[in-house]
1. Taking segment 20-67 on its own, how many of its residues are closer than 22 Å to Q82 by Cα and of a type in the set (D, E)?
2. Is it true that some residue in segment 76-85 is within 21 Å of the chain's Cα centre (by Cα), polar (S, T, N, Q) and buried (at least 17 other Cβ atoms within 10 Å of the Cβ)?
3. Looking at the structure I just gave you, is P55 over 18 Å from the mean Cα position of the chain (by Cα), on the phi < 0 side of the Ramachandran plot and free of Cβ contacts under 8 Å to residues at least 60 places away in the same chain?
4. Are there any pairs, at least 6 apart or on different chains, whose C-beta atoms fall under 7 Å, with the first in segment 34-47 and over 11 Å from V72 (Cβ atoms) and the second aliphatic (A, V, I, L, M) and in a helix (DSSP H, G or I), and if so, which?
Amino acid sequence: MRSTGVILSIIPRIDADFRVRLDASVRESIRPVAVGLAALHVVYALEHYAVMFEPVRAVMVTLATTTATALVLLAILLGRWQPSHHWGHPLAGVRPEAAA
């Protein structure tokens with residue numbers, strides 16, 4: 001069965017202006033999402049510390065804290081540096097083909 005060809009023929013061609021606006025929108029969304037995920041990982045670290053037993057506690061708290069720190073650093077970096085709209089999807093870790 002060749003359903004892929006049918007699906008690809010249904011999808012309209014995306015013009016370049018739409019791609020630029022989509023990339024810019026993704027780029028603008030990365031910083032608030034990073035802040036929100038950092039806060040979530042801080043909650044995870046606190047929860048792991050309160051609920052888990054050693055030696056798993058140390059590993060999970062370290063991982064959650066490291067992730068939160070990396071996300072805060074990303075948010076700070078994006079607050080000081082405005083990348084080109086072409087960097088929207090790569091910084092978000094999303095393939096542009098999958099987003100369109």
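1. Adding up the residues that qualify gives 2.
2. The initial filter retains those residues of segment 76-85 that are within 21 Å of the chain's Cα centre (by Cα), namely 76-85.
So of that shortlist, the ones also polar (S, T, N, Q) come out as 82, 84.
Now restrict to residues that are buried (at least 17 other Cβ atoms within 10 Å of the Cβ): none.
No, segment 76-85 contains no residue that is within 21 Å of the chain's Cα centre (by Cα), polar (S, T, N, Q) and buried (at least 17 other Cβ atoms within 10 Å of the Cβ).
3. Numbers: over 18 Å from the mean Cα position of the chain (by Cα): yes; on the phi < 0 side of the Ramachandran plot: yes; free of Cβ contacts under 8 Å to residues at least 60 places away in the same chain: yes.
Yes, satisfied.
4. Y44/A64; A45/V61; A45/A64; A45/A68
A quick yes/no check of all residues on (1) surrounded by 12 or more Cβ atoms within 10 Å (Cβ to Cβ); (2) of a type outside the set (D, E, K, R); (3) modelled with pLDDT of 95 or more; (4) out of contact with any Lys or Arg (no Cβ under 8 Å at 6 or more places or on another chain):
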| position | (1), (2), (3), (4) |
| --- | --- |
| I14 | no, yes, no, yes |
| D17 | no, no, no, yes |
| A24 | yes, yes, no, yes |
| R27 | yes, no, no, yes |
| I30 | yes, yes, no, yes |
| A34 | yes, yes, no, yes |
| A38 | yes, yes, yes, yes |
| E54 | no, no, no, yes |
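Matching residues to (1) of a type outside the set (G, A, S); (2) closer than 24 Å to S29 by Cβ; (3) outside any helix (DSSP H, G or I):
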{"position": "H41", "(1), (2), (3)": "yes, yes, no"}
{"position": "Y44", "(1), (2), (3)": "yes, yes, no"}
{"position": "V59", "(1), (2), (3)": "yes, no, no"}
{"position": "T62", "(1), (2), (3)": "yes, no, no"}
{"position": "T65", "(1), (2), (3)": "yes, no, no"}
{"position": "A70", "(1), (2), (3)": "no, yes, no"}
{"position": "L73", "(1), (2), (3)": "yes, yes, no"}
{"position": "I76", "(1), (2), (3)": "yes, yes, no"}
{"position": "P83", "(1), (2), (3)": "yes, yes, yes"}
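The values are calculated or read from the model by the stated rules, or taken from the named source; none is laboratory data. Just so it is clear, the structure is predicted and the values come from calculations on it, not from any experiment. Note that each Cβ is placed from the backbone with ideal geometry, even for glycine, and that neighbours are counted across all protein chains shown.
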